[in-house]
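A short worksheet on the structure shown next.
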Amino acid sequence: MPQPERSVVAVGPPGPGAGTWAGAPSAARSNGEIYLAYRLRRPQGHGRGYAVVVARSADGVRFETLVTITREELGAESLERPALVTTPDGAWRLYLSCATSRSRVVLPGDAGTAVKDPVLIRDGDKWHLWASVHPLDDPDQTDRMATDYACSADGLAWTWQGTALSPRPGEWDARGVRVSAVRLTPGEVLAYYDGRASADENFEERTGLASGAGPAALAAHGPVTQSPYGGGGLRYLCILDLGNSRERYYYEMTRADGAHELRTELR
C-alpha cells in the first residue's frame with residue numbers, strides 16, 4: 001500500500017486551498033524516461049478540471065511539460081483522469097476523460113449512466129479497461145459510483161463485461177468505489193481502488209485493496225491508506241514498473257491547506 005511518509009511532491013497544485021488540485025496521474029516508461037499524464041483542477045465555479053498535462057522526467061520526480069490540453073480545446077465542461085499507454089507498434093495513445101465533450105467518444109455514457117476515470121492494461125493481444133460508472137437516475141446523487149470492466153482487441157472497440165467492484169453497504173466504501181490501479185498475476189487480479197462512505201467524502205476518497213480470480217469479479221478487503229491531512233484524501237494511485245523489482249507510485253493526496261498535490265514514492 002502507499003506510504004505517504006515515504007513520498008515526495010512531483011507536481012504541486014496550481015494554487016492554495018480546497019478544490020485546487022494536481023493529480024489523477026497515469027504513468028508510462030519509454031527509452032529509460034518516465035512520462036506522466038495528470039489533471040489540473042480549480043474549484044467548482046472557477047474551471048473545475050481545466051487541463052491535462054503530459055510531462056517527461058529522467059528521475060520520476062522532476063518533470064518537464066511536453067503538452068497541455070485544455071478543456072476548451074475539447075469542448076468539455078471538465079477534464080477528468082487521463083490514461084496514457086503505448087500500443088504494440090510503439091505508438092502513444094492518450095485516453096481523455098471528458099465531462100460533456102464533443103470529441104470522439106470511445107466509451108459512451110447515456111441518459112442513465114456516466115463513465116469516467118479509465119484504467120487500462122494491455123496484456124499481449126488483449127486490452128483490459130476498468131472505469132467508474134455513475135448512475136444518473138437521481139440528480140442529487142450522481143456522486144455514487146461502481147467500477148465496470150470492459151475488454152478490447154485494439155483499445156478502441158470495447159465490450160462491457162459487467163460490474164467488477166461494487167460499494168459495500170455499511171462499510172467505509174459504501175457510497176462509491178473506483179478502481180485506480182491493477183496488477184495482473186497468474187490466477188489472480190489485484191486492484192487498488194478509491195472509496196468513500198458518503199457524499200460528504202466526495203473528492204476525499206481513500207485507497208483500499210481488492211482482488212479476484214478474474215478482471216470482472218473483484219472483492220474488497222483491507223487495508224486502507226489515507227492522507228494525514230484534511231479529509232484524508234489519497235486517491236488515483238498509479239503504479240509504474242521500473243524493472244529490477246522496483247516500482248514508482250504516483251497518487252493524488254490532500255495536503256494541510258486542503259489543496260491536492262501529486263506525490264510519488266519509490267518502492
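The values are calculated or read from the model by the stated rules, or taken from the named source; none is laboratory data. Only a predicted model underlies this, so the values are computations on that prediction, with no experimental measurement involved. All Cβ positions, even for glycine, are placed from backbone atoms using ideal geometry, and neighbour counts span all protein chains on display. Accessible surface areas use protein heavy atoms only, side chains included; no ligands, DNA or RNA. Shrake-Rupley method; radii C 1.70, N 1.55, O 1.52, S 1.80 Å.
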With labels modelled as points extended 7 Å from the Cα through the Cβ direction, what inter-label distance (nm, one decimal) is found for Glu188 paired with Glu72? 5.0 nm
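Report, please, the projected area of the range 218-260 averaged over directions, based on the convex hull of its C-alpha atoms, in nm². Present the calculation step by step, with values, prior to reporting the outcome.
On the way: hull surface 17.1 nm².
If I average the Cα hull's projected area over directions, I get 4.3 nm².
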Can you send over the carbon and sulfur percentage of the accessible area for the range 150-267, probe radius 1.4 Å, protein chains only? 51 percent
Round to a whole angstrom and tell me the spacing of the C-alpha centers of the range 159-181 and the range 74-92. 23 Å
Given a 1.4 angstrom probe, what's the average accessible area per residue across the chain, in square angstrom? 44 Å²
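Evaluate the charge dipole of the range 126-230 about its Cα centre and quote only its size in Debye, nearest 20, assuming +1 on the Cβ of each Lys and Arg and -1 on the Cβ of each Asp and Glu. Don't skip to the answer; put the middle values down first.
Numbers: 8 positive and 14 negative charges, 87 e Å.
That gives the range 126-230 a dipole magnitude of about 420 debye.
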